[in-house]
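A short write-up of the structure that comes next.
The values are calculated or read from the model by the stated rules, or taken from the named source; none is laboratory data. Given the structure is predicted, the values throughout are model-derived calculations rather than measurements. Just the protein is used for accessible areas: all its heavy atoms, side chains included, with ligands, DNA and RNA removed. Shrake-Rupley method; radii C 1.70, N 1.55, O 1.52, S 1.80 Å.
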Amino acid sequence: MMQYKALAKGVALGVTAGTVGYFLSRATTGEKNRLKRRTVKAVQAVGAVWDSVSELLHM
């Protein structure tokens, strides 16, 4: 039996990577810098949420 959750995750990752690649290929230098800053902030926010959830689960 196929693992639909893993398949969906792979498809979502592929679509996201394709979208980012498309935007980077069409973006100006200023837009690329803005995108990089926003990406870093988003990754940091996800990391903070992950740490909080991890702390809650270990209590």
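How large is the convex hull of the Cα atoms of the chain per residue, expressed in Å³ as a whole number?
Considering the Cα atoms of the chain, their hull volume per residue is 66 Å³.
Per residue, how much accessible surface does the chain expose to a 1.4 Å probe? Answer in Å², no decimals.
Accessible area per residue, the chain: 95 Å².
Given the DSSP H assignment, sum -39500 (n - 2.57) over each helix run of at least 4 residues in the chain and divide by its residue total; what's the result at 222 nm in deg cm²/dmol, nearest 500?
-31500 deg cm²/dmol
Rounded to the nearest percent, how much of the accessible area of the chain (1.4 Å probe, protein heavy atoms only) is carbon and sulfur? Walk me through the numbers on the way to the answer.
Numbers: 3710 of 5610 Å².
Answer for the chain: carbon and sulfur cover 66 percent of the accessible area.
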